[in-house]
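The values are calculated or read from the model by the stated rules, or taken from the named source; none is laboratory data. The shown structure was predicted, so the numbers you read here are calculated from the model rather than taken from an experiment. Quick reminder, even Gly has a Cβ in these numbers, built from the backbone with ideal geometry, and neighbours come from all protein chains shown.
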Amino acid sequence: MNHLLRELAPVTESGWQTIDSEAQQRLTPALAARRLVDFAGPHGWEHSATNLGRTTELATSPHEGVGAAQRRVLALAELRADFSVSLKELRDLDRGAPDVDLAALDDAAHRIAVAENVAVMHGWAGAAITGVADASPHESKELGNDAEHYPRAIAGAVELLLRTGIDGPYGLALGREQYRRVVESAEHGGSLLLDHLRKILGGPIVWAPGVQGAVVLSQRGGDFMFDCGQDLSVGYASHDEQAVHLYIEESFSFLVATPEAAVAFSA
Amino acid sequence: MGFDQYHEPPEELSPATRTFARMCASLTEEAEAIGWYEQRLAVETDSEALAIMRDAQGEEFKHFSMDLEFLLRRTPLWREIAKGILFQAGDVVEHGEESEARATGEDDGGGSSPSADGTGSLGIGGQTGSMR
């Protein structure tokens, strides 16, 4: 048994299979940011820090005439979203009920996916994480409400990255509203705006709940690093007569190695 | 020359099984040699002799690792179980039990790890290359 303590939960084999499957289905489409950055791991729950390869000079040392420095690391942060599942619903699941109420799980999965997207794209000061958009030295422009203008704006961002020496292909993270505008829009001649943007970028376009506006970033690799300790997992907290209390958790750090490899757009 | 690496009559064994048995015997000998050198190094006081024996033990590490890799390549189940144990941080016994259960299909799913990465995660990972 590991730290998730799953074996202690009053949940049957089929119950766990349903919970895990539901969590995977809800998490996968919403985890946009990690698709656009380098993903290292998972290294497990014991992994605590990312090596930065840098030191801080120390003012003092244990003995006269000896210099001293201390290694700097980026500590991994933990995210956890709690939820509960009714024991009655789980019993019905074991009877073969096809419509078990896992709304609280769905909500927790969405919350933690959004939190991860926000941390990667917009930063998380409390965990010393600078986001892709925040780190970019390029001026952030407004994307606007009219999707017809998106190709020009995105092409401008790609040209800016090329001019900066940042090679492609390029990916695009779109906030919820911006994504909706893109997928529902067709340009003159009937071609989908989504297809046009893909041709400009040469890389993926992702629905990124939590992202404010949009971010264009290089997919050449080596510019943005997501260091995963414990990847998203479902663990057991406690239970009472009514419900079992579970959680989804993960640990990670995120580092921007090349700030100029991204261009952000405000909403 | 002894033939005691065979537990069954050699003529009844296939060439592949005889090779497998030879490599198992070789693996055992390399492990024994590593242990012998460890003991010698613990008691030796001559620095030159120590350096030579450390170098020799390094050779045995290499030989052992080569033998092991050969055997793992020829034995998929062994390799699958080893993948869940070798070079993993954390509790070795726990990894061993989980890895065996996964590899042999005896994982009862009753709260055990849903993924094959050995961390108990959902196995989502980076999803690199996916496009929406």
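Points worth noting:
- Residue in the stretch A:228-259 that is nearest to residue A:26 (Cα to Cα), counting only those that are of a type in the set (D, E, K, R) and modelled with pLDDT under 95: A:231
- Pick from the stretch B:24-48, criterion in contact (Cβ under 8 Å) with a residue 40 or more places away in the chain and under 13 Å from the mean Cα position of the chain (by Cα), ranking: surrounded by the fewest Cβ atoms within 10 Å (Cβ to Cβ): B:24
- The stretch A:1-29 residues that are more than 8 Å from every other protein chain (Cβ to nearest Cβ) and acidic (Asp, Glu), paired with ones that are surrounded by 15 or more Cβ atoms within 10 Å (Cβ to Cβ) and assigned to a loop (DSSP other than H, G, I, E, B) (beta carbon under 8 Å, 6 or more apart): A:22/A:102
- Which listed residue is in contact (Cβ under 8 Å) with a residue 12 or more places away in the chain and over 18 Å from the mean Cα position of the chain (by Cα), from A:230, A:242: A:242
So that you can scan it fast, the table gives a plain yes or no per residue for (1) under 24 Å from residue A:122 (Cα atoms); (2) aliphatic (A, V, I, L, M); (3) buried (at least 16 other Cβ atoms within 10 Å of the Cβ):
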| residue | (1), (2), (3) |
| --- | --- |
| A:149 | yes, no, no |
| A:156 | yes, no, no |
| A:165 | yes, no, no |
| A:172 | yes, yes, yes |
| A:191 | no, no, no |
| A:199 | no, no, no |
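- Long-range neighbours under 9 Å by Cβ, at least six apart or interchain, first residue closer than 15 Å to residue A:162 by Cα within the stretch A:197-215, second among the hydroxyl-bearing types (Ser, Thr, Tyr): A:200/A:170; A:201/A:170; A:202/A:170; A:203/A:170; A:203/A:218
- Applying the condition of being among the small types (Gly, Ala, Ser) and touching a residue at least 60 places away in the same chain (Cβ under 8 Å) to the stretch A:43-57 and asking which residue is farthest from the other protein chains (Cβ to nearest Cβ) yields A:49.
- The stretch A:177-196, subset within 13 Å of chain B (Cβ to nearest Cβ) and touching a residue at least 24 places away in the same chain (Cβ under 8 Å), residue nearest to residue A:29 (Cα to Cα): A:179
For (1) touching a helix residue (DSSP H, G or I) at 6+ places or on another chain (Cβ under 6 Å); (2) surrounded by 12 or more Cβ atoms within 10 Å (Cβ to Cβ); (3) modelled with pLDDT under 95; (4) part of a helix (DSSP H, G or I), each residue gets a yes or a no:
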| site | (1), (2), (3), (4) |
| --- | --- |
| B:50 | no, yes, no, yes |
| B:55 | no, no, no, yes |
| B:59 | no, yes, no, yes |
| B:73 | no, no, yes, yes |
| B:79 | yes, yes, yes, yes |
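- Number of positions in the stretch B:98-132 that are loosely packed, with under 15 Cβ neighbours inside 10 Å and modelled with pLDDT of 80 or more: 0
- Residue that is modelled with pLDDT of 90 or more and at positive phi, where the choices are A:31, A:5, A:36: A:5
- From the options A:263, A:216, A:256, residue that is out of contact with any Ser or Thr (no Cβ under 9 Å at 6 or more places or on another chain) and crowded, with 22+ Cβ neighbours inside 10 Å: A:216
- Single residue of A:64, A:13, A:22 found to be at pLDDT below 95 and touching a helix residue (DSSP H, G or I) at 6+ places or on another chain (Cβ under 6 Å): A:22
- All strands (runs of 3 or more DSSP E) inside the stretch A:216-267 with 3 or more residues being within 14 Å of chain B (Cβ to nearest Cβ) and in contact with a Leu (Cβ under 8 Å, 6 or more places away or on another chain): A:224-228, A:233-239, A:243-256
- Looking only at the stretch A:46-72, and only at residues there that are of a type in the set (Gly, Ala, Ser) and more than 27 Å from residue A:3 (Cα to Cα), the one that is nearest to the chain's Cα centre (by Cα): A:53
- Scanning the stretch A:3-45 for residues that are under 14 Å from the mean Cα position of the chain (by Cα), assigned to a loop (DSSP other than H, G, I, E, B) and under 20 Å from residue A:106 (Cα atoms) yields A:31, A:32.
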